[in-house]
1. I'd like the Kirkwood hydrodynamic radius of segment 354-479, using the inverse of the mean 1/r over distinct C-alpha pairs, in Å.
2. Using every Cα-Cα pair within segment 143-250, state what percent have a distance larger than 20 Å.
3. Could you report the accessible area of His338 in Å², rounded to 10, computed with a 1.4 Å probe on the protein chains as they sit in the structure?
4. What is the set of long-range amide H partners of Lys356 at a cut-off below 5 Å, with H atoms built 1.01 Å from backbone N?
5. Given segment 275-324 reduced to its alpha-carbon atoms as identical point scatterers, what log10 I(q)/I(0) does the Debye formula return at q = 0.22, 0.25, 0.29 Å⁻¹?
6. Return the FRET efficiency for the residue pair Trp367, Lys280: r is the Cβ-Cβ distance, R0 is 56 Å, and the value is rounded to the nearest 0.05.
7. Carbon and sulfur: what percent of the chain's accessible surface (1.4 Å probe)?
8. Which residues among segment 131-169 fall inside the zone where the amide N is under 11 Å from a point 7 Å beyond the Cα of His230, along Cα→Cβ?
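The values are calculated or read from the model by the stated rules, or taken from the named source; none is laboratory data. All values reported here derive from a predicted model rather than from experimental measurement. Heads up, the Cβs are rebuilt from the backbone with ideal geometry, glycines too, and the neighbour counts pull from every protein chain shown. Only protein heavy atoms, including side chains, enter the accessible area calculation; ligands, DNA and RNA are left aside. Shrake-Rupley method; radii C 1.70, N 1.55, O 1.52, S 1.80 Å.
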Amino acid sequence: MDVKADMFKELTDMFMCSFCALRYIDEKDVTVYEKCITNQRIEGDEEPLKRKQVKHSPCISCLGFFRPSICEETITRVSSFILDSGHDSDTFNVSLTLPVSFLLRSYSLSSFVRQRWPALCSAIEFWPPNSVKNLWKDIIAPQIASRVNRKFDLNSELDIKVKFVYADDEKECLFLCSKFSQVRKNNEISQSAVDKILRGTYRQWLFEDYFPSPPPVPNKFVEFQDVSLHHFSVYCGGRYNKWSRNLSQTPWLIKGKRKTESSVEELITDLVKKAFKATKTMFGSSGREDVDVRCLGRGRPFYIELINPQVTKLTKEQLSALQEEINTLGRDLIRIHHLQLIDKSKLALIKDNEEKKKSYCAYCVVWGPMPDLKHLSSLTPFDLEQKTPLRVLHRRPLLTRLRTVYELCGIPGKETLPDGPSFFKINITTQAGTYIKEFVHSDFGRTKPSLGHFLGGIKVSILALDVIDICLDWPPTES
C-alpha cells in the first residue's frame with residue numbers, strides 16, 4: 001500500500017477527521033479539502049468520514065473545527081457582523097484565535113507522526129506543514145468574501161477577529177500550568193508561552209510523562225465564541241491658526257478641573273471623529289504654543305490619528321465641508337486649512353522637531369528710554385544655553401538645552417517719558433524647541449545670552465508672543 005494511503009487510513013482509524021488526515025499526508029490541493037467538507041454535509045454534519053462507531057467523536061487534531069455546522073455558523077455570523085458594522089473597506093482580513101489545546105495536540109501529533117513515518121515527516125520539525133489557520137483562510141474566508149461582496153486580503157487594514165473555544169482547554173493544559181508558572185498570564189493560558197515551552201527541550205519529556213502522543217479522543221467539540229473587528233488607524237492632517245490668547249492646544253485640567261473652556265484639539269477632533277466614525281482620536285502637531293500665544297501666518301501643522309474608523313474614504317469635497325464646519329465652530333478662536341488624508345509615512349517629518357525652524361514676534365517692554373535695536377540683526381546666528389524654565393520645571397526634567405537663533409531684528413514702538421516704559425517688538429527665527437519668553441526675560445539668568453544682555457544688561461519683559469511661521473512645508477499643498 002502507498003505510504004500516504006496507509007498513513008491516511010491509520011490516522012482516520014485513530015479518530016482523526018479526513019480533513020486533518022489530508023493535512024498530515026501533506027495534501028496540497030485545496031479543492032480536495034473543499035470536497036471533504038462538502039462530503040461531510042452530504043453524509044451528516046457530525047460524520048467525519050470515519051468508522052461509523054465513532055460517528056459523534058470530535059477529531060483528535062482539530063476538535064471538529066472543520067465540521068460543516070461550525071463552518072456554516074462562522075460564515076453566517078462573520079458575514080452578518082461585517083455587513084452590520086458599517087465599515088466602508090472594500091477588503092478584509094481574518095485573525096483566528098484558537099484554543100491552546102490546538103497547539104498542544106498539534107505538537108503531540110507532530111511528535112507521533114515523525115516517529116511513526118520518519119521517511120515522510122522527519123525532514124520537517126513540526127508536522128503537518130498545512131496549518132489549520134491557513135487552510136481555513138483558503139476555504140472559509142473566500143465564502144465570507146462572497147457573501148459580503150468584499151475581497152479577502154491578507155494585507156487588508158480591516159481585521160476581523162474570530163474566536164473559538166474548547167470546553168476542556170483548561171483541563172488539557174492543567175499539567176502545563178502546574179509545571180510552568182509563565183503559562184498563565186492575567187488568569188488566562190498564554191498561547192505564546194505554551195508555544196515557547198513546546199518548542200524547547202521539554203517537548204519530548206512532556207509527551208512521554210504528562211500528555212499522550214498521539215493525543216486522547218476528545219469528548220467535546222470546539223465551538224464558535226464571538227467575532228470582533230478593528231480597522232487600522234487612518235490619518236488626516238492640515239494646519240491651524242489660533243487667534244485666542246485664552247485657548248490651550250490640548251485640554252487643560254488641573255486636579256480634574258478645566259482651566260479653559262475648550263482647546264484647539266477638541267475644536268478640531270470632535271467633528272473629525274464624528275465624520276470618520278472613529279472609536280477615538282489622537283492629536284499631534286509640530287510643537288505647541290502656550291495658552292496665551294497666538295499662532296498666525298501659515299499656521300501650525302497638525303495631524304489626527306483616527307483609531308478604528310468606520311469611514312476611511314472622504315472625498316475632497318467632503319473634507320472641504322468638514323473643514324468649513326470646524327472653522328464655523330471655532331470662529332474667532334481657530335481656523336484650519338489644507339485638511340486632507342495623510343499617509344502614515346509622512347508623519348515622521350512633523351515629529352522631527354530638532355531640525356525645524358520657527359519664527360516668532362515678541363512684544364517687549366523696558367522701563368526707561370528706548371534701547372538701540374539696530375545692531376540686533378548683526379548678531380545672528382548665535383547659540384543659546386537654556387536651562388529648563390522654572391514655569392515648566394514641575395513637569396519636565398532639569399536639562400541645559402543648546403538652541404540656535406538664526407535671525408533677530410528689533411522694531412521700535414511707542415516711547416513714553418524718559419522714566420516711563422518703552423515698547424518694542426522683536427522678530428526672531430530660531431531652532432525648534434527654543435523658549436522665546438525665557439530668551440526675552442532671561443528666566444533669572446537661566447537663559448544665556450538673553451535679549452537684555454544684548455541691549456546693555458537691562459531688564460526686558462515680554463507682554464505677548466505670536467508664532468509667525470513653522471518653517472515646514474507640511475502637509476503637501478493640494479492643487
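1. By the Kirkwood definition, the hydrodynamic radius is 15.3 Å.
2. Working: 3792 of 5778 pairs.
Above the 20 Å cut-off, segment 143-250 has 66 percent of its Cα pairs.
3. 70
4. Hits under the 5 Å cutoff: Ala432.
5. So the normalised log intensities work out to -0.96, -1.04, -1.11.
6. Values: r = 50 Å, r/R0 = 0.89.
Result of the calculation: an efficiency of 0.65.
7. Numbers: 12270 of 23750 Å².
C and S atoms contribute 52 percent here.
8. 159-161
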